[in-house]
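For reference, the structure is listed below as C-alpha cells.
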Amino acid sequence: MKMADQNQVKWLVLILTNCLFFSIAFSAKTQFAHKTYIVQMDKSAKPESFTNHLDWYSSKVNSIVFKPENEEDGGHDQERVIYTYQNAFHGVAARLSEEEAERLQEQDGVLAIFPDTKYQLHTTRSPLFLGLEPHDSTTNVWSQRVTDHDVIVGVLDTGVWPESQSFNDTGMSPVPAHWKGACETGRGFSKHNCNKKIVGARIFYQGYEAATGKINEQTEFKSPRDQDGHGTHTAATVAGSPVRGANLLGYAHGTARGMAPGARIAAYKVCWVGGCFSSDILSAVDKAVADGVNVLSISLGGGVSAYYRDSLSIAAFGAMEMGVFVSCSAGNGGPDPVSLTNVSPWITTVGASTMDRDFPSTVKLGNGRTVTGVSLYKGRMMLSINKQYPVVYMGNNSTSPDPSSLCLEGTLDRRVVAGKIVICDRGISPRVQKGQVVKDAGGVGMILANTAANGEELVADCHLVPAVAVGETEAKAIKHYALTSPRATATLAFLGTRTGVRPSPVVAAFSSRGPNVVSLEILKPDVVAPGVNILAAWTGALGPSSLPTDNRKVKFNMLSGTSMSCPHVSGIAALLKARHPEWSPAAIKSALMTTAYIHDNTHKPLQDASAAEASTPYDHGAGHINPRRALDPGLVYDIEAQDYLEFLCTQRLTPMQLKVFTKDSNRSCKHSLASPGDLNYPAISVVFPERTNVSLLTLHRTVTNVGPPVSNYHAIVSPFKGAYVQVEPRTLKFTRANQKLSYKITFTTKSRQATPEFGGLVWKDGVHRVRSPIVIVWLPPL
C-alpha cells in the first residue's frame, strides 16, 4: 500500500472515530437531557403509607431520577416537579430524561406519560348580527338578571389588559360566593387590576420556561398583563361590558359588547412570546375547575392525536365531569380537509364564518377597470384618487406563488419598486408584514393578492402602507395587466364601513375542516360562529398590526381566526348557563347545535369562501349559531360522563388507556353502545364499513323535553341518493317537562356512494325546530 493510501486510511479511521464519539456523546446527551413530561397518576392507587397524593407523586418521580454521585439527595425531585394536578387531572409535570420517563412509565400507579407539546393561538357587530342586540328591555336576550352575574368564564390565553373599558364593572353585583380564584400579581399587574368583572387572573409559565429558558422580564410581562392583545380580545368577546363609540381608526364604529356582558371573566395566562405549552395549559384547566369557572374558552390548539394521548382532551374530560362547558377553536388550517384540532366529543369545536359587515376599498387600474377589495388602512400616506401610480408584480402569475412575489423580508429591490404600488401574493409571512416590506423598499402602496389557498375570502387588515386585499379571480386579472402592460398603473381608495353584506354568513376559507379522522362517527366542527374582522378590546402595549414598527395606539382592534369564533360560543354558553343553570355541558352544546342555521341572508345554503359552492357539515358542522333560538331549543340531546366513557369503550382502548379517563372513579365499560355512532350526539354520522355485505345500520338517540310539558314532535328527514332512511317512531309525544323519549334511525344502502352524502333530521312541534345534521359515509371496499 502506498504512503498516500495509508494516510487516507488513517484519516478515514480518525474521521469515523470522531463521528462515532460525537454520535455517542450526542446520544448520551439526548438520553439524559431533561424535557418536560406530563405524568398521569391513578389517584386510587396511593399506598396508605403516604398521607397525601402530592408526597406520593413526588416519591414516584424521585424513585426513578438518575442522581450523579456528586449530587446530594435532598430536593432533587422538587426541582424536577414543576406542576401538580389535582382536579380535572391527577398527576404531575416533571423534567425528566427519556430514560427516566421510560422507567417511570413502568411504575405501578402511573397511567400515562405525555411529552410536553407546544400549542399555538388560533388567531362588534357580531351581537347585532347574532340577533342579540337589545331592541326593547323586556324581550332582549341581554335584559339584565341577577343570575347572569353568577356565571364565570375562564379564558386561557395571553392574559388581559385590565384598563380596557370592556372590563368596567360598574353596576355589577358582588363576586359570586362560589368563586375560589385568585388575583395573582407581577410586573404591571396588581390586586386592584381585578374587579367585579375580572374576578381572577393567574399565570402559568413553568412548562414554557423549562422548554425555552427564563422569561425576560424586561421585555415581557411575567404577570397576567397582556402585551400580545389576543387574550384581551377574546376575553372581551366572551363577556366584555358595553362600550359606546368603539371603533378601530374610525372603522366599525358602534357599541362593542361581549356575548354575555353580565358574566365574569377569569384570565389564565398560558401563552407567552414563544408559544403555549401543554403542561401550563393543563395546570390552568386544573386550577380553573378548582376556582369555580362554569365555562372554559380555549382559543388555541396543537395537532390531532388519539383521545388518550391528548392531554387537553383528558383535562377537558375532567372539566366536563365537574359540569364545566369547554369551548375550543377548530384551528386555522382550512380549506384543507382533515385539518381540525380539538375534536373530542366532550369539547365544543368552533369553526369561523363571516358577518354582514365589510370594509370596502377599490383598486382603479389604468385600463379603466375598478376592482373591489377590503382594507382597514388609515394613515398619513394617502394616494390621490385623481392620480395613477406605476404598478409592479415580481411574480409570473402561475397557479402557485413565485417566491419573489411574496414580498418577504429582503426580497424587494428598491430600484424596481420605489414610488410604485407593489402586488404581493399571500402566504408564508403575515399579511401586514408584507406591507411593511413594501414601505421599507420605497413602495407607495400594496395590492394584497389572494391565491388558490384563500379563494375569494377577504380579510381586512390595519396596514402600515396604503393597501387593498383582493380575491383570487380579480388578483389574477390585475397581475396579468401588470405583466402584459408596459405602463401599468393604478390607484387605491378606502371607502369606510359597509353593513348588510350579502351573502352572509360565509364559512371562512381559513376555518379548519373535517372529517374527524379520530372518530368518523363524531361530526366536527360542531358549529361555526363569527370569526372574520371581529372588533374587540386591545392591549395598550402593541399597535393594531402587531408589528414592532407600528407605534399607533388603539383601544379596539379587528382580528380574524377561529380564535375569535370560539369566544362567541363561550359567551353564548355562559348566557345559556345563566338562564338554565341545571343544564349539563352536553345540553348546552345540544341547544347550540340543534338550533343552528344552514342558510345565509339570501336564503341559500351557507357558502364556502374558498370555493364558489355550498359548504358541507364537514365545513360548518351543525351550522351557524343562533343564540335566540338556543335559549329555547325545545329538545336537547343530553350526554353524561358515563355515556362518553361508553363511547371510549367502543374505541378499542386498552384498560390502562381507558383508566386515563376513569381516573379514580368506579366507572367501567357497561357496553351500552353497540357502536360509536350510538353516542347521544346532536349530529348523526353513519359509517358503512369496507365490507360491502353490510347494507343496514341503525343508530339510537334520546331527546329530553326542555320546552312545554305537553308537546308533540314530528320527524322530517331529507332524502339521500345512496340510502333509504327510516325514523321510528316518527312522532314523539311528551307529557311532562324533562321527560326523555328515544328513537332509532335506520340507514339502508341502495347504492354505495364514492363521496359522503349530507342531509338532516328535523323534529318539529309547530314552534321549535330541532335539527341534526346527517352524514353518510361509505368506506371504500377492501
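The values are calculated or read from the model by the stated rules, or taken from the named source; none is laboratory data. Fair warning: this is a prediction, and the values are worked out from it, not measured in the lab. Virtual Cβ from ideal backbone geometry, glycine too; neighbours counted across all protein chains shown. All accessible areas refer to the heavy atoms of the entire protein, side chains included, with ligands and DNA or RNA removed. Shrake-Rupley method; radii C 1.70, N 1.55, O 1.52, S 1.80 Å.
When the test is whether a residue is modelled with pLDDT of 95 or more and either open to solvent by 10 Å² or more (accessible area, probe 1.4 Å) or touching a helix residue (DSSP H, G or I) at 6+ places or on another chain (Cβ under 8 Å) (or both), A239 passes it. Each residue in region 628-640 was checked for being at positive phi and part of a helix (DSSP H, G or I), and 0 pass. Does any residue of region 181-194 turn out to be at negative phi, modelled with pLDDT of 95 or more and among the basic types (K, R)? Checked against the condition, which is being at negative phi, modelled with pLDDT of 95 or more and among the basic types (K, R), region 181-194 yields at least one hit. Can you find even one residue in region 715-727 that is under 18 Å from T746 (Cβ atoms), hydrophobic (A, V, I, L, M, F, W, C) and touching a helix residue (DSSP H, G or I) at 6+ places or on another chain (Cβ under 9 Å)? No, that holds for no residue. Of all residues in region 357-382, those that are crowded, with 18+ Cβ neighbours inside 10 Å and either of a type in the set (A, V, I, L, M, F, W, C) or assigned to a strand (DSSP E or B) (or both) total 12.
K604: modelled with pLDDT of 95 or more, open to solvent by 10 Å² or more (accessible area, probe 1.4 Å), assigned by the TED database to the domain that holds A263 and over 19 Å from T354 (Cα atoms), yes or no? In short, no.
The lone criterion from (1) of a type in the set (D, E); (2) open to solvent by less than 10 Å² (accessible area, probe 1.4 Å); (3) at pLDDT below 95 left unmet by D291 is number (3).
Would a scan of region 431-439 turn up a residue that is over 26 Å from S546 (Cβ atoms), outside the structural domain of S339 (by the TED database) and not aromatic (F, W, Y)? For region 431-439, residues over 26 Å from S546 (Cβ atoms), outside the structural domain of S339 (by the TED database) and not aromatic (F, W, Y): absent. Evaluate the following for K387: is it more than 36 Å from the chain's Cα centre (by Cα), part of a loop (DSSP other than H, G, I, E, B) and among the charged types (D, E, K, R)? Judged against the criteria, K387 is a match.
Restricting the search to strands (runs of 3 or more DSSP E) fully inside region 641-722 and requiring at least 2 residues that are in contact with a Ser or Thr (Cβ under 9 Å, 6 or more places away or on another chain) and open to solvent by 40 Å² or more (accessible area, probe 1.4 Å) gives 696-705, 711-717.
Considering region 414-490, the qualifying strands (runs of 3 or more DSSP E), each wholly inside and each with 1 or more residues that are charged (D, E, K, R), run over 421-425.
Any chance region 134-155 includes a residue that's closer than 29 Å to C276 by Cα, surrounded by fewer than 19 Cβ atoms within 10 Å (Cβ to Cβ), out of contact with any Leu (no Cβ under 9 Å at 6 or more places or on another chain) and at pLDDT 95 or above? No, every residue in region 134-155 fails to be closer than 29 Å to C276 by Cα, surrounded by fewer than 19 Cβ atoms within 10 Å (Cβ to Cβ), out of contact with any Leu (no Cβ under 9 Å at 6 or more places or on another chain) and at pLDDT 95 or above.
Only residues that are touching a strand residue (DSSP E or B) at 6+ places or on another chain (Cβ under 7 Å) and over 21 Å from S311 (Cα atoms): list them for region 261-290, please. Result: A263, R264, I265, A266.
From the list A611, A596, A541, A574, the one residue that fits, being farther than 22 Å from L248 by Cβ, open to solvent by 10 Å² or more (accessible area, probe 1.4 Å) and in contact with a Gly (Cβ under 9 Å, 6 or more places away or on another chain), is A611. For region 740-762, a tally of residues being closer than 22 Å to R730 by Cα and either among the polar types (S, T, N, Q) or touching a Leu at 6+ places or on another chain (Cβ under 6 Å) (or both) returns 7. When G323 is tested against (1) open to solvent by 10 Å² or more (accessible area, probe 1.4 Å); (2) under 21 Å from D150 (Cβ atoms); (3) under 16 Å from the mean Cα position of the chain (by Cα), only condition (3) is not met. Note on region 426-467: residues that are more than 25 Å from the chain's Cα centre (by Cα), surrounded by fewer than 21 Cβ atoms within 10 Å (Cβ to Cβ) and of a type in the set (V, I, T) amount to 0.
In region 470-495, the residues that are open to solvent by less than 60 Å² (accessible area, probe 1.4 Å) form Cβ pairs under 7 Å with partners that are among the aromatic types (F, W, Y), at six or more places apart or across chains, as follows: K479/Y393; A482/Y393; A488/Y481; T489/Y389; A490/Y389; T491/Y389; F494/Y377. Remark: S166 matches the filter, which requires a residue to be modelled with pLDDT of 95 or more, crowded, with 19+ Cβ neighbours inside 10 Å and among the polar types (S, T, N, Q).
For region 551-583, a residue qualifies if it is over 26 Å from D619 (Cα atoms), part of a loop (DSSP other than H, G, I, E, B) and not charged (D, E, K, R), and the qualifying residues are N551, V554, H580, P581, W583.
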